[in-house]
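The values are calculated or read from the model by the stated rules, or taken from the named source; none is laboratory data. Predicted model, so just to flag it, every value in this text is computed and none were measured. Every residue, glycine as well, gets a Cβ built from its backbone with ideal geometry; the counts of neighbours run over all protein chains shown.
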Amino acid sequence: MKKRFDIWFLVSAGVLFGLFLLNIFLGKLALMFDMKPILTLGDVGEFLILLAAVICFMIVVLHMESQQTHVKTKSANNAEEDI
């Protein structure tokens, strides 16, 4: 079940980031060919989509990191030895 949790948030992050990139590319093409943009999200819309993509990605990263309990850094091992 935990794998399904990771996959849904990772797919969501990818879709949201793809939508962000699509908006940028369509806006650039509209400027190059002097046309009206097909998709206009505005500054706030772009920010919210990118923020949602980053939040979904960070949820996946933090969840995967919490699953790896046996991996410790040198500083963590040194801190345990000092105690």
Just name the residue that is farthest from PRO37 (Cα to Cα) out of those in segment 6-25 that are surrounded by fewer than 15 Cβ atoms within 10 Å (Cβ to Cβ) and either aliphatic (A, V, I, L, M) or in contact with a strand residue (DSSP E or B) (Cβ under 8 Å, 6 or more places away or on another chain) (or both). ILE7
Considering only residues that are of a type outside the set (Phe, Trp, Tyr) and outside any helix (DSSP H, G or I), which ones fall in segment 17-36? ASP34, MET35, LYS36
Residue under question is ALA30, and the condition is that it be at pLDDT 90 or above, surrounded by 12 or more Cβ atoms within 10 Å (Cβ to Cβ) and over 21 Å from the mean Cα position of the chain (by Cα); does it hold? yes
VAL54: modelled with pLDDT of 85 or more, out of contact with any His (no Cβ under 6 Å at 6 or more places or on another chain), exposed (fewer than 10 other Cβ atoms within 10 Å of the Cβ) and part of a helix (DSSP H, G or I), yes or no? no
